[in-house]
Amino acid sequence: MQFTFLNIGILTWLTFLPLVGMLCIFFLPQKKSQLAKWITLGCTTIQLLLATIIYIKFDRTLAGVNSIEGMQFKEIFPWISINSTEWFGKISIQYFLGIDGLSVPMILLTAIISFIAVLASWKIEKSVKGYFSLFLLLNTGMFGVFVALDFFLFFIFWELMLLPMYFLIGVWGGERREYAAVKFFLYTLFGSVLILLVMLALYFSVTVTDAITGEKMHTFNMLAMMNPQNFENNSLLFGLHTYWRYIAFIALFIGFAIKLPLFPFHTWLPDAHVEAPTAISVILAGILLKMGGYGLVRIALPIFPDAAIHYVYPIAFLGFINIVYGALCAMAQKDFKKLIAYSSVSHMGIVVLGIAALNTQGMVGAMLQMFNHGTITAMLFVIVGVLYDRTHTRQISEFGGLMNKMPKYSALVVIAFFASLGLPGLSGFISEAFSFLGAFQTHQWLTIASTSGIVLTAAYMLWTFQRVYLGTLPEKWNSLQDISKRELLMLVPLAIIIIFLGIYPTPMLELMNTSVNALVEMVKVK
Amino acid sequence: MFLQLFDIIFYFFATVTLISAGIVVFSKNIVRSAFSLVFTFFGIAGLYVLLNADFVAVAQLFVYVGGILVLLLFAVMLTQKISNLQMKITTLHPIIAIILVASLIGVLCGIVRMNDWRIITISEIPQSTAQSIGKALITTHILPFEIISVILLVAIIGAAMLARKSEKKS
Amino acid sequence: MEFFSKADLIGTLPLLVVFGCSLLLLLLDALFKDAKKLVFSVGIIGMLTAIGCSLYTFPLSATAFSDMVLVGGYASFFNILFLTIGIIVFLLSYSYLEKQHYHLKEFYTLIVISISGMMLMASSADLIIIFLGIEIMSVCFYVLAGYKRIKVEGNEAALKYFLLGAFATGFLLYGIALIYGTMGTTNLIRISQNFDAFSHPLYLAGWGLLLIGFSFKIAAVPFHMWAPDVYEGSLTTVTALMSTGGKAAAFSSFILAFSIPLSMHNEKLMMVIAILSAASMLIGNVFGLAQKNIKRMLAYSSIAHAGYMLVGLASGTKLGMDGIIFYLISYSLTNLGAFGIISIFEKENGGNLSYEDYAGLGSRKPILAALLSLCMFSLVGIPPFAGFIGKYYLFASAVQSNLTWLAIIGVMTSLVSTYYYLRIVVYMYFRESQQSELIFVPSLALASVVLVSIGIFIFGIFPSLILNVIQNLL
């Protein structure tokens, strides 16, 4: 399938449109810097439209994952190409974009969350031009990660997100922003460094034959790396169940686990979330965390299925720890935003558990959970942001009885909170149920233990709700305004998605089903 | 008989060189150091003669003993109050220095022993080296020969800079 | 008798032009009383002419003056790099010297002569030429390092550099002598044909001593002690020249010396280089963490970067050599940018060099701050900047030749380095400024810094542009 405009494919448009917007912002005169908001909003709106086109045109019967034929909206061009050298052979790095059932949900999510995040940034006053150009750069990086199928390209986009994120937290963040930004940067860079090393090792192990010249050459093509026949004899990662393959898998896993974030690599997350401005927290929780999970299913599992099977139990165990530990930490928080941050840790544990199930239900559950968690946490962070904008505090103990003062707002809060704790009829329930069902078949006891996380989640969510929204309103908040139209525009679409997918998840499921099945088959064969 | 005489002369020059070099380094009096340098250069020139490197030996005497050293002595003598100056000759990190120097000497000695040295017969040694050096300098080695002039130029500029009075701020 | 031919002269045209230019500058300095502008512009014109000549000789591939120097290809490529560095240093120095009141004579002449030394080093096919090139460059640097004569740091820098440099030269000469002793020639091409002698202990000892000499010049651990003091004590633009041109020249002849005679097939020697490399990366980056002065920080960073480049030499493959050359370009551009911005920002009498002084630069001078951040990110090695591609190439070469441990050390230490490079960025953007003084930004210097930054960006996104040229050089 192909879809082009001006001879440029839709995925390139989707990815690089923000850079065009960024250039426009650069040339804005200082007086009209407020226009930057509108430019950014325009970019994200167009992206939303493009994502909708992809959603409509996407062929749900093609699997993708490891077959080039199954990839849709493909774009392949040579990018860095160096002709034959005597010692090294041809070097070629491709500009290879394409999507399958694993990436489409993520693209939809990114488009939606980015749009919401622009609205959430509307009140930014400090150097507007800088903020929105970094925002657009970040946007390019995020879409790039989800559409790149060349490992090198993937890595470039992966790193590209780092810089704008660092500045967005560090310049526009809260009091301890400097600490949070540097911590975020170092943790993530440590992860990428591991990914880089594995990428190098893979590059030197995999060879493909050039279709035109018949020359043997190394490649960064992810799909080629998934085929065991492409591994050169006696190369570092040749064979199955070898020592080096295990090491490479662990390195890759840690690289993605940091982004996810998985215990014990999660400590950057609460700091970054708390210090970041609302919109950036929304993006962090809504999209960036998903990249870890996406990396696992897109790269780590298909390339190292043998190692994945070998380590499936420890991975599931880490997922379990994440669920319970995250929930317990959330319960202990006094800061509203930190509480939501830890609830993210807990919910991402479910994703890991679902992936570790290594069967269709579990994987589908995990993928769906990524999408649902993206929308639900985005909503939760906006909710906290709304409160913070009005009161400039996030201490739970300072609130109470907001329900009466802000009824419209509180209604939306109810939806988000109940979706987060997995109430049937809302989207969170479906994905959690799928994940646990899948995991139960492979890891019975761990899954049973993990379900205690649901109880804990219910406990802290309801407790928080009671403390903030029920009870008596402290006098100082007597003049609080209810939610504005702009804020409604952020929260209502998310609420609709949450309710819709809770009642009728099929549109999302059929998007990913074929691909997930193919992935599970691939892993099982080993 | 000839070889024995040769050996005696060699060891004589070698001892002169080493002892005087030791004095140069360890003496606390700069004038004494400067004077023992004469013997070091002289000893080295003697070693060159023994190696049949006649041109280098003469150059050594002309340039170092005749030129540089005299300049050095003038500098020492003409500088006020320098003859009574006590110089610091202590070593800052003796242990590290000993280890490093010992290992360097060890490696070099080991190589001297391990190497299978080629023995040259007397007939192989050219009678006079001056002619062939002169030829090489203007044929095969003309580029290095010319480039050395650039180094000298830079050195002169550097010396001039050091000697120049410090300019007042404009 | 013909000692040299016309072809020899044409082949070494860039070198001759630079030599001629330096003499002309010296004369102009002597003849005219106030020749600043004249010397400056004649120097730039001379170097541009030399770049033109290098482009002309680029397609040639020969040796000149009885196999003493290489002509074309590799030599011309590096000539262009050194001359470009020279021009940028000129542009940076003009206003900087004015500001610092150090408009002494011969400054520009010495820079041009030092560049001629670098050019010799990159085109040497004979150990003698390597030695002479190093000497020309180093003597110029000794003098340039001592330009702040009135200041204690200036004298310290010059003296320290001179003593240690002379010491290193001793090792270099000793090594050359031993190699000559075993081979009967100093010519690299002829040495490479004499395979029998390669396992000779004396020969290996010669290379070992040569290695020590080179390690001094590139400031690799444990021969790095001079770098921080010299970098700090010299004028900032001189430091820029030393850390870019000096390092690039040392590496260019290092590659020639170690790859033409293919002594790199000796595993012990490769192992020694690998250890030097690992030590440089570790010590450079760890000490970099503790610095408070940005010039000292960049000095330790340059030690670490010498370590990264040694990774390529230790791998001993074509990929590694190409990686070093690419890295040299990206590193030179980045460091020129960084030192250029520092020189713009530096106050009269050497103020404004600590991290605290950079607080709030992001809002005071947004363009300068953005460019400096770009340089820092390129030094860290984050895509899409040139530094990333360079590091990627070097570590790839290590993995390829089974030195994965070295690649891991490299990657981990560059992670450590992130912290101190980012500190500058943190200060510039996340801290409020204490000062309100106006910063004067000279247009020449700004233009050159912008140009350099564009280079970092373009080589980062389209590295094939230059890699395709590089890989045909050796």
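Quick note: the coordinates plus some simple rules give every number you see, no bench work behind them. All values derive from a computational prediction rather than experimental measurement. Please note: Cβ atoms are built from the backbone with ideal geometry, for glycine as well, and neighbour counts cover all protein chains shown.
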**Prompt:** Relative to the longest principal axis of chain A, what angle (0 to 90°, nearest 10) does the C-alpha long axis of helix A:104-120 take?
**Reply:** 40 degrees
**Message:** Over 56 Å apart: what share of the alpha carbon pairs of the protein assembly as shown falls there, rounded to a whole percent?
**Reply:** 27 percent
**Item:** Angle in degrees between helix A:35-57 and the longest Cα principal axis of chain A, rounded to the nearest 10
**Value:** 60 degrees
**Asked** Between B:Ile156 and C:Asn349, what FRET efficiency follows from the Cβ-Cβ distance if R0 is 41 Å, with the result rounded to 0.05?
**Response** 0.85
**Top positive-direction residue, dipole computed over the protein assembly as shown with Cβ charges, set A:Leu269, C:Asn285, A:Val171** = A:Val171
**Spacing of the two label points (7 Å from each Cα toward its C-beta) at B:Leu51 and A:Phe500, in nm** = 9.0 nm
**Message:** With bins 5 Å wide starting at 0, give me the P(r) of region C:266-474 over every alpha carbon pair, in whole percents.
**Reply:** 1, 8, 15, 19, 18, 15, 10, 7, 4, 2, 1, 0
**Message:** If you take each beta carbon of peptide A:158-166 and count the beta carbons of other chains within 10 angstrom, what is the mean?
**Reply:** 3
**Item:** Share of pairwise Cα separations in chain C, more than 39 Å, in percent
**Value:** 16 percent
**Item:** Axial C-alpha extent at least 18 Å, average Kyte-Doolittle at least 1.6 - helices from chain B (DSSP)
**Value:** B:2-26, B:30-50, B:94-114, B:142-163
**Prompt:** Which one of C:Asn352, C:Val42, A:Val468 is farthest out on the positive end of the charge dipole of the protein assembly as shown, using unit charges on Cβ (Lys, Arg +1; Asp, Glu -1) and the Cα centre as origin?
**Reply:** A:Val468
**Fill in**
Most exposed to least, judged by fewest other Cβ atoms within 10 Å, A:Phe135, C:Phe440 sort to C:Phe440, A:Phe135
**Request:** Would you kindly derive the ³J(HN,Hα) couplings of region A:342-349 from the backbone phi angles with the Karplus curve 6.51 cos²θ - 1.76 cosθ + 1.60 (θ = phi - 60°), listing them in order in whole Hz, with x for Gly and Pro?
**Result:** 5, 5, 4, 4, 4, 6, 5, x
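According to the Kirkwood expression over distinct Cα-Cα pairs, how big is the hydrodynamic radius of region A:165-206, in Å? Walk me through the numbers on the way to the answer.
Values: mean 1/r = 0.0861 Å⁻¹.
Over region A:165-206, the inverse of the mean reciprocal pair distance is 11.6 Å.
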**Message:** How large is the convex hull of the C-alpha atoms of region C:347-448 per residue, in Å³?
**Reply:** 123 Å³
**Message:** I'd like to compare A:30-40, A:271-281, A:248-258, C:444-454: which one has the highest average count of other Cβ atoms within 10 Å, and what's the full order after that?
**Reply:** A:271-281, A:248-258, C:444-454, A:30-40
**Message:** If I model a spin label at A:Thr61 and B:Ile98 as a point 7 Å from the Cα along the Cα→Cβ vector, what separation in nanometres do I get?
**Reply:** 8.7 nm
**Item:** Furthest towards positive pole of dipole, C:Leu120, C:Phe258, C:Leu209, structure part region C:1-264, Cβ charges
**Value:** C:Leu120
**Prompt:** Amide H to amide H under 5 Å from C:Ser124: which residues, 5+ apart in sequence or cross-chain, H placed 1.01 Å off N in plane?
**Reply:** C:Leu70
**Message:** Against the 2.2 N^0.38 Å scaling, with N counting residues, where does region B:9-58 land? I'd like the Cα-based Rg ratio to two decimal places.
**Reply:** 1.19
**Nearest-0.05 FRET efficiency for B:Thr139 and B:Trp117, computed from C-beta distance (R0 22 Å)** = 0.15
**Fill in**
Shielding of C:146-155 by other chains, given as the mean Cβ count within 10 Å, works out to 1
**Item:** Rg and Dmax of region A:1-260, Cα atoms only, in Å
**Value:** 20.1, 63
**Complete:** Taking R0 as 25 Å and r as the Cβ-Cβ distance between C:Ile275 and C:Leu474, the FRET efficiency 1/(1 + (r/R0)^6), rounded to the nearest 0.05, comes to 0.55
**Prompt:** Given a cut-off of 46 Å, what percent of all Cα-Cα pairs of chain A lie beyond it?
**Reply:** 10 percent
**Item:** Vicinal HN-Hα couplings computed from phi for region C:232-237 (Karplus, 6.51 cos²θ - 1.76 cosθ + 1.60; Hz; Gly/Pro x)
**Value:** 6, x, 7, 4, 4, 5
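Please rank A:Met522, C:Met183, fewest neighbouring Cβ atoms within 10 Å first, as an exposure proxy.
Lowest count first: A:Met522, C:Met183.
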**Message:** Could you compute Rg(Cα) / (2.2 N^0.38 Å) for region C:1-264, with N its residue count?
**Reply:** 1.02
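Using only Cα atoms, figure out Rg for region B:2-163 and give it as a multiple of 2.2 N^0.38 Å.
Details: Rg = 20.0 Å, N = 162, 2.2 N^0.38 = 15.2 Å.
The reported ratio for this selection is 1.31.
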**³J(HN,Hα), Karplus 6.51/-1.76/1.60, whole Hz, each residue of region C:147-155, x for Gly, Pro** = 5, 7, 5, 6, 9, 5, 4, x, 5
**Angle between chain A longest axis and helix A:243-259 axis [Cα atoms, degrees, rounded to 10]** = 30 degrees
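Ranked by Cβ crowding within 10 angstrom, fewest neighbours first, how are C:Cys53, A:Cys43, A:Cys24, C:Cys140 ordered? Before the final figure, lay out each step's value.
Values: C:Cys53 22, A:Cys43 26, A:Cys24 17, C:Cys140 31.
Least crowded to most crowded, the residues run A:Cys24, C:Cys53, A:Cys43, C:Cys140.
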**Prompt:** Residues of A:197-208, mean number of Cβ from any other protein chain within 10 Å of their own Cβ, rounded to a whole number?
**Reply:** 3
